[in-house]
Amino acid sequence: MSRAGRVRCGRPNHAEAAARAVARARQETPARPTEMHATAPIRTLIVEDERLAREHLAEKLRQQPDILLFGQCANGVDALRTIAQASADERPELVLLDVQMPDLDGIEFAESLIAMAPEVETPELLFVTAFSEYMERAYELHAIDYLRKPFNDARLASALTHARRRIAHRRAAARLAVAGSAPGAYTAMSEQLRQLVSSVRLDRPPERIALHDRTTGEMTFVSACDVVWVEAAGNGQVVLHGREGDRSWPLGIESAQRELARLGFVRVHRNALVHPDHIQRMQRLGKGEFRLTVTGGAEVETGRTYTPAIEELLAAMPGAR
């Protein structure tokens, strides 16, 4: 799609318009897989009803040389129609979407997209929202990641890294489909398939944390999205404070930071890590220190050494500057 032809959705339309577009898409003959160059920019759509948040995301994406901003929509209905009306080789591969939107919310939008398969291939979904209660359902819909506002640049970069990997796998599979129709393609396909399968495990961070007690040999598992913050407890132990209760982990705070960094946890104090998705309120205390109120009501005070991380979180949040 040329730059002039990229879509920018305007005011919300009625659901019937999207339904008609979906019906037309179902009537089309599914396109034969076409070869997508591995380094082609990732066509990306933003679906967000708040204009400032939409523009903030767009600006962040424009800073990524391998991201092509396909369009911006203010609600799920317009986004659904936009995807259905685009040709198969021009549809977005990645969608960044909010949850609570008028007409058709983010969860309903994702469910509608999945229902359109295989006539319309479901793009990769990256939820960007201020609400944590939809996280479980988002992952059930195979979302790449779930960014809870406010998020920092490092957290967005991590999510986009997962998106790049997932889309690279898709493109490799499409190339395999094309290659499979050519005579003598078996050897090349086998090597590409081996490389694809060997990299799949890197697709997304684990959704559970394994707490391994090396003394007893016992291993228990905690859902990563349920862990709110991590506190050093001394004697080489940390406590995972979660929505389902607290768990001890026989690991020092430095080691815990290394283990949990890929899940988005941020060091805010020499004795504490916090997941940005669970920060509910932030109060300045002076001298570069803050008091964070997290999910469940606990208060975590930050240290001056970690002020840059907090400032980065604030800079990423629309309206905070």
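Observations on the structure shown:
- The stretch 208-321 - convex hull of the alpha-carbon atoms, volume per residue in Å³: 102 Å³
- Dipole of the stretch 65-148 computed with +1 at Lys/Arg Cβ and -1 at Asp/Glu Cβ about the Cα centre; of VAL95, ALA74, TYR134, farthest Cα towards the positive end is ALA74.
- One decimal place: the segment ALA40-ASN271 gains 78.8 nm when fully extended, by the rule 0.36 nm per residue minus the C-alpha distance.
- Peptides 71-80, 280-289, 306-315, ordered by how many other C-beta atoms sit within 10 Å of their residues on average, highest first, read 71-80, 306-315, 280-289.
- Anisotropy class of the stretch 251-291 from Cα gyration tensor, a/c 1.5 cut: oblate
Values in this text are rule-based calculations from the coordinates and carry no lab data. This structure is a prediction, so every number in the text was calculated from the model and none was measured. Quick reminder, even Gly has a Cβ in these numbers, built from the backbone with ideal geometry, and neighbours come from all protein chains shown.
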